[in-house]
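Only the coordinates and a few stated rules stand behind these numbers; no lab work does. Everything quoted here is computed from the prediction, not taken from an experiment. Positions of Cβ are generated from backbone atoms using ideal geometry, with glycine treated the same way; all protein chains shown enter the neighbour counts.
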Amino acid sequence: MRIAIYAGTFDPITRGHQDIIGTLINSRLFDRIVISIAKNPNKKSMFTENERQKLIKEIYQNSQEIVIDILEDGKAVVEEYVNKYLKEGHSGCLIRGIRNTLDMEYEFALCDVNNKIAGGFYLPTFFVKTNPKVSGLSSTIIKEIFNLRPRNYEEILREMIHPIILEAMINKQYDNME
């Protein structure tokens, strides 16, 4: 089985993330696309990992090839990938989204570190450039807009996130974002 692992915090998942996932689905290069939800201890989360998993499952409920995993606390996506997939004989790669040249520098360095962590396994990494229409999006910007709540914040956010996510954010009424 050919597997793509797309890891991130996805807090919340944005139209940019969805663009990457759509590209992977439409490419038909992979039998399974694993969206691997990570916890970043350096960021204050809006949604728990379980809430993020539920929301992403709702968005992709009709996509047979999508699987949503939650990374164990403190476990690197590379360890999870090696243990769950490579040792079982599956082939595939890690997916990293690129919005701009700053992302590229960071992601290239991360790729090198991931291969050191993999302990003898070479982990190919595919870099997928987002559509320019969504390349300026980030979860942080979305949370800032939501926290500031300008007069037309819902209209602005509808262009940046799936309606399911916007509804969940409004229902959560989270006011203490960084």
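For Glu144 and Asn100, FRET efficiency with R0 = 25 Å and r from the beta-carbon atoms, rounded to 0.05? Intermediate results must be reported in sequence, preceding the final value.
Details: r = 18 Å, r/R0 = 0.73.
It comes to 0.85.
Take each peptide in 144-153, 164-173, 43-52, count the other Cβ atoms within 10 Å of every residue, and average; sorted highest first, the result is 43-52, 164-173, 144-153. Per-residue 3J(HN,Hα) values for region 17-33, derived from phi via the Karplus relation 6.51 cos²θ - 1.76 cosθ + 1.60 with θ = phi - 60°, read 4, 5, 4, 4, 4, x, 4, 5, 4, 5, 5, 6, 7, 10, 7, 9, 10 Hz in sequence order (x marks Gly and Pro).
Measure nothing but the geometry: give the 0 to 90° angle between the long axis through the Cα atoms of 101-117 and the longest principal axis through the Cα atoms of the chain, rounded to 10°. Relative to the chain, helix 101-117 is tipped by roughly 40 degrees.
For region 129-178, the share of alpha carbon pairs falling in successive 5 Å distance bins from zero is 4, 20, 32, 26, 10, 6, 1 percent.
Look at Arg15, Arg158 and count the other Cβ atoms within 10 Å of each Cβ; fewest to most, that gives Arg158, Arg15. With both labels modelled 7 Å from their Cα along Cα-to-Cβ, the Glu58 to Asn131 distance reads 2.3 nm. The residue list Asn147, Tyr106, Phe30 was ranked by how far each Cα lies along the charge dipole of the chain toward its positive end, using unit charges on Cβ atoms, and Phe30 comes out on top. Remark: Lys129, Lys116 ranked as Lys116, Lys129, counting other beta-carbon atoms within 10 Å and listing the fewest first. Phi-derived couplings, Karplus 6.51 cos²θ - 1.76 cosθ + 1.60 at θ = phi - 60°, listed residue by residue for region 124-131: x, 10, 9, 9, 10, 7, 6, 4 Hz, with x used for Gly and Pro.
By how many degrees, 0 to 90 and rounded to 10, does the Cα axis of helix 139-148 deviate from the longest principal axis of the chain? So the helix axis and the longest Cα principal axis differ by about 10 degrees.
Modelled this way, with points 7 Å down the Cα-to-C-beta line, the labels at Glu88 and Arg2 are 1.9 nm from one another. Largest first, the extents of the alpha carbon coordinates of the chain on the three principal axes equal 53, 33, 30 Å. Note on Tyr122 and Lys44: their simple-model spin labels are 4.5 nm apart, each label 7 Å out from Cα toward Cβ.
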